[in-house]
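Here the structure comes first, spelled out in structure tokens, and everything after it is commentary.
Every number here is computed from the coordinates shown, using simple stated rules; none is lab data. Keep in mind that what you see is a predicted model, and the values were worked out from it rather than measured. With ideal geometry, Cβ positions are generated from the backbone for all residues, glycine too; neighbour counts draw on all protein chains shown.
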Amino acid sequence: MEYHHDVALSDNTLFLAHISKTSREESMELQKFAKESYKDSKSIWVLNFIALVYLPASLVISIFGSDLIIDTNPTSDPAKSHLEASGEFWWFPALTFPLLFLTAGGALAWDRWQRKRDMAKFTFNPATDG
């Protein structure tokens, strides 16, 4: 009887060792996946930041069209051609920068709200979660 008990204990020990090894390997793979996901999210963040910077400028340019830079001598000779900022050019930075700060502020507020909401999901409250 003791022999069967020892054999069963040995089998269980081997089985648990196998489970432990498999769990460790899976954990390492998940850790690699998490690191890759983090790198990807940083790349996407940079692309979003670039879009955030160019979005207000492209809006202003699309509203005002191509009248911000004018050719003072529109001839067929490129050597005589001269480009100047029109009298309305001041509208471009006057509208672009406030829109940039408004867009960036909105994006930061949204990110902060999302983080608070996500943290509330994963916070353990002993009074309510019991």
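In table form, for the structure just shown:
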| item | result |
| --- | --- |
| Rough spin-label spacing in nm, given labels placed 7 Å along Cα→Cβ, for Asp11 and Ala94 | 8.7 |
| For segment 33-43, 3J(HN,Hα) per residue [Karplus equation, 6.51 cos²θ - 1.76 cosθ + 1.60, θ = phi - 60°, Hz, x = Gly/Pro] | 4, 5, 5, 5, 5, 5, 4, 4, 5, 5, 5 |
| Extension gain (nm, one decimal) between Arg117 and Ser58, 0.36 nm per residue minus Cα-Cα | 18.0 nm |
